[in-house]
Amino acid sequence: MRQYVLPQSFNGEPSLIVTGKESQYLVKVLRLKEGQQILGRDKSGNRYQLTISSIERNQCTLACQKLDEAKEAETTDELPSYGGPYPNLVLLQCLCKGKKEEQIVRQATEIGVTKIALVHSRYCVPDLSSKSDKALDNRFDRLQKQIKEALQQSGSPLPTVLIQEILELKNLPVWWNNRGLAIFFHQSSREEEQQTLKQLLQDYPIEKPIAVLVGPEGGFSEEECTLLEQGGFKPVMLRTNILRSETAGIYALSAIQVLMTE
């Protein structure tokens, strides 16, 4: 079912006034009327029963009731929803051109990733080294907007978190710190050490994190591949056609999710 992502400033208040585009989304896009209900989620993923208590010009008021985990939300949206379990997927996406990046973030959120981090590697086309803090903040703001829209559209129960910094590929092994399985998609020069997704995921606990590293349009250098393998990242080659960066990550995340949930 669709849902409404509550503002970051929401802290469990019994009512909330929504204005501007947020109000338009509920009243014009979802066509909710006074007395109708929708599922809401706050920044921590807590569920709320939201009831439209009043509608005025350019704003509406929501009555907010927190739901117990076991209680189903009442909603006017009859679209079916999947309640889990979900693999604990962390997407590490090497920098792509702006619109491609937004597409990747939106689709990864719909699939149900828990975290997304942007990574700078040698062959990334965008160069953000000279960008001001304001320019980077604007980039993250655009991606946050994509995440919110995707959460509301898809009804994903996972509050996808965007890491608010650009990670350097050379620092990834230390940043990941062996929290769980870490995969990158590239053909290893040592083919005897390369495993399939199915082999890597066999008997892997669904709740344990999996880092999924996807390269930029130019791929990874051999030096980067060696560094990643020495840092514990497992190389996997997707046995399909040559995929664009914005396709490879979504393909890989989908494959992992299917292998771990069916």
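General observations
- Considering the range 145-186, the residues that are basic (Lys, Arg) and farther than 18 Å from GLN8 by Cβ include one that is surrounded by the most Cβ atoms within 10 Å (Cβ to Cβ), namely LYS170.
- Within the range 209-217, not a single residue is surrounded by fewer than 13 Cβ atoms within 10 Å (Cβ to Cβ), under 30 Å from LEU39 (Cα atoms) and under 14 Å from the mean Cα position of the chain (by Cα).
- Counting only residues that are under 26 Å from the mean Cα position of the chain (by Cα) and either of a type in the set (A, V, I, L, M) or modelled with pLDDT under 65 (or both), the range 51-70 holds 2 of them.
- Extreme residue, surrounded by the most Cβ atoms within 10 Å (Cβ to Cβ), among residues of the range 114-144 that are hydrophobic (A, V, I, L, M, F, W, C), over 24 Å from LEU39 (Cβ atoms) and in contact (Cβ under 8 Å) with a residue 12 or more places away in the chain: LEU118
- ASN178 satisfies every condition listed in (1) closer than 27 Å to PRO126 by Cα; (2) out of contact with any helix residue (DSSP H, G or I) (no Cβ under 9 Å at 6 or more places or on another chain) except (1).
- Considering (1) crowded, with 19+ Cβ neighbours inside 10 Å; (2) part of a loop (DSSP other than H, G, I, E, B), the lone condition that GLY84 does not fulfil carries the number (1).
- The single condition among (1) at pLDDT 85 or above; (2) of a type outside the set (S, T, N, Q); (3) over 15 Å from ASN88 (Cα atoms); (4) more than 23 Å from the chain's Cα centre (by Cα) that GLU191 does not satisfy is (1).
- When residues of the range 1-40 are limited to those that are within 19 Å of LEU67 (Cα to Cα) and among the charged types (D, E, K, R), the one modelled with the highest pLDDT: GLU13
- Qualifying residue in the range 157-177 (condition: within 21 Å of GLY45 (Cβ to Cβ), in contact with a Gly (Cβ under 9 Å, 6 or more places away or on another chain) and among the hydrophobic types (A, V, I, L, M, F, W, C)): yes
- So GLN164, is it in contact with an Asp or Glu (Cβ under 6 Å, 6 or more places away or on another chain) and either aromatic (Phe, Trp, Tyr) or in the same structural domain as GLY219 (by TED's automatic domain parsing) (or both): no
- Cβ-Cβ contacts under 6 Å between residues 6 or more apart (or on different chains), taken from a first residue in the range 84-112 that is on the phi > 0 side of the Ramachandran plot to a second residue that is crowded, with 21+ Cβ neighbours inside 10 Å and at pLDDT below 95, are listed as GLY112/SER156.
The values are calculated or read from the model by the stated rules, or taken from the named source; none is laboratory data. Please read all numbers here as calculations on a predicted model, not as lab measurements. Every residue, glycine as well, gets a Cβ built from its backbone with ideal geometry; the counts of neighbours run over all protein chains shown.
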